[in-house]
Structures are given as structure tokens and as C-alpha cells.
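These notes are about the structure you will find just below.
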Amino acid sequence: MIARPPFASVALAARIEAAERDLIAEAVARDPGEGAAVWPLAGGVAAWAGAGSPLNKVAGLGDGAPDEGELAAIERAFAARGAALQVELATLADPAIAPLLSGRGYLLGGFENVLGRRLDPHEAPPTPPAIDVRESAADELDAWVDVVVDGFATPDTEGVPSHESFPREIIARVIRDQSGGASFARFTARLDGAIAGGASMRIAARQRIAQLCGAATLPALRRRGVQSALLNARLRAAAAAGCELAVITTLPGSRSQENAERQGFALLYSRAILVRAP
């Protein structure tokens, strides 16, 4: 039986956002582009990893409203790079943050959903016998990156479209560098012996949270259970690693959200994507 979903409290959201903050900071450290920098900001971070990187954002806010002087300095740093400043703001963050940002010219660009699920080390979600999912070996990194990037390049059309897109070469570099971190594990799914999909997971040891990320299936092999198999394998690995909670971020109404809810995930909160033009 799947465990009851966790209650979406302010404290739980702060714990998840802290894990997201650490993920972004670690990723920038592993993928430092020209002028790379990480600035602490109100319990979160503002990160710049190089032109066009998906890591360029503010994440993890919530420890009170940002100091306007610190925020202004970060806005100037992004403007000097010719880049918009994007803030991912949880609906359970300090309510003073949203009006402060809107007053400084940030506009709503979209939303993303954060779903969570308690983990039970004695629970073993089933995987279809035709699909073989294992941790990805070091010598198949190139193949793993290729399948994940190919999957991302052809997103599902269900749900709300993404508010952003990135060149293939940048996505490939970020995925490769990020998945090589000590806190990450890679998984490969094979269908009839051929690689069909890949996924990754970060263990946030301090928060005892497993962050499920980077899952993709080749377009020709979708609707055959690959995503669910990758999800189940990561849930088992996360429970074995001592995590209490697994979280996943999806676009609203997407196939990824549907797959997660089938496996016992529940919507905990959303993040508003607020953007300030340079």
C-alpha cells in the first residue's frame, strides 16, 4: 500500500527549497561558465553559470523578503550580462516576497509544480518485466546523455508548455556535468535490450530528500511504461539511501505529473516563475 502523502506545510516547503538551493549551487560549481557566480539571497541563491544556461536563476527564497540592496546588486550583475533574472518562488514562501518582486518590475512567466511522496524501505513498486532499469555505468555516460537529451528535445504535448527552452549543446553539457556529482545517481532503462530512457536522482542528505530529475524517454518508445519503471527504480534507491521523502518538479498538467501521481506522489505546492527583463 502506498503511504499517505506528506502534509504540505511551510516547514516542509522550506526543507524542499533548501535542497533545491543546494542543487543549484552545486551544479554551478560543476559547470562554471564565463563569469560564473553564486550569490546568497534570503535563504536561497542567485546563480549564473554562463550565457544561456538553465542554471541562471534565483532559487530557494523564503527566509524573509530579500534585502533590496542585495537584490539590486544581483539585478545589475544579470543586466550587465544582458540576461533576464528569473526567480522561482514557492507559493509557501514568505508572503512579503511576491509584492516586493512585482514592485521591482518582475512579471509572471509561468508555473511549475512540486510533488512529493513519503518513502518506505519495505515497499517495492513493481516494474514491467520487459523493462530493465539499472544504475548507469561510467562507461555508458555518453549514451545516457544522448538518450536524455533526445527525450528532452521532443517534449510531451500534454499540459502547459514550458516557459523556456535551451540549445541542445547547453542542455547536454549541464546534464553531463550535473549528473557527475557525488550526490547524483544515473539510471538507464532498456526495452528489449535497447536503451529506451534515462533518469537521474540527487540525494539531499541534510534534508533526507531524494530529488528526482532529468528523466526522459525516446519519443518512439513512449507510452510503454519506461517513465514509470525509471521512477520506481529511483524510489527504491532513495529509500535504501535513507531518504524520507522523494520530490519531483513537473510542468502543470503534464504526462510527468500524471505518471508521478500514479505512483503515489501528491501536489505539495507550486512555484511561480517571475522574470525581470535586463
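What to note about this one:
- A simple rule links phi to the HN-Hα coupling: the Karplus curve 6.51 cos²θ - 1.76 cosθ + 1.60 with θ = phi - 60°, which for region 210-217 gives 9, 9, 8, 8, x, 8, 7, 10 Hz, with x for Gly and Pro.
- Distance-filtered residues of region 236-257 - backbone nitrogen under 11 Å, label point 7 angstrom along residue 111 Cα→Cβ: 252-253
- Folded to 0 to 90 degrees: helix 141-153 orientation relative to the chain principal axis, Cα: 70
- With contacts taken as Cα pairs under 8 Å at a separation of at least 6 residues, the chain carries a relative contact order of 27 percent.
- Residues with amide H under 5 Å from that of residue 136, placed H, sequence gap 5 or more: 186, 187, 188
- Excluding ligands, DNA and RNA, the accessible surface per residue across region 21-146 is 45 Å² with a 1.4 Å probe.
- Cα-based helix-to-principal-axis angle, 168-179 vs the chain, degrees rounded to 10: 80
- In the chain, the sites counted are trypsin sites (Lys or Arg not before Pro) in DSSP loop states with at most 12 other Cβ atoms within 10 Å, and the longest stretch holding none of them, exclusive of the sites, is 1-205.
- Against the main long axis of the alpha-carbon atoms of the chain, helix 226-240 sits at an angle near 80°.
- Helix content alone sets the calculated 222 nm mean residue ellipticity of the chain: runs of n ≥ 4 DSSP H residues at -39500 (n - 2.57) each, divided across all residues, give -10000 deg cm²/dmol.
- Under Karplus coefficients 6.51, -1.76 and 1.60, residue-wise ³J(HN,Hα) of region 82-95 in Hz, glycine/proline x: x, 10, 6, 9, 9, 10, 9, 10, 5, 5, 9, 6, 3, x
- Most positive-pole-ward Cα, 54, 38, 8, against dipole of region 1-61 from beta carbon charges: 8
- For the chain, the dipole from Cβ point charges (+1 on Lys and Arg, -1 on Asp and Glu) about the Cα centre works out to 420 debye, to the nearest 20.
The values are calculated or read from the model by the stated rules, or taken from the named source; none is laboratory data. The structure displayed is predicted, hence computed values, not measured ones. FYI the Cβ positions are ideal-geometry reconstructions off the backbone, even for glycines, and counts take in every protein chain you see. SASA here: full protein model, heavy atoms, side chains in, ligands and nucleic acids out. Shrake-Rupley method; radii C 1.70, N 1.55, O 1.52, S 1.80 Å.
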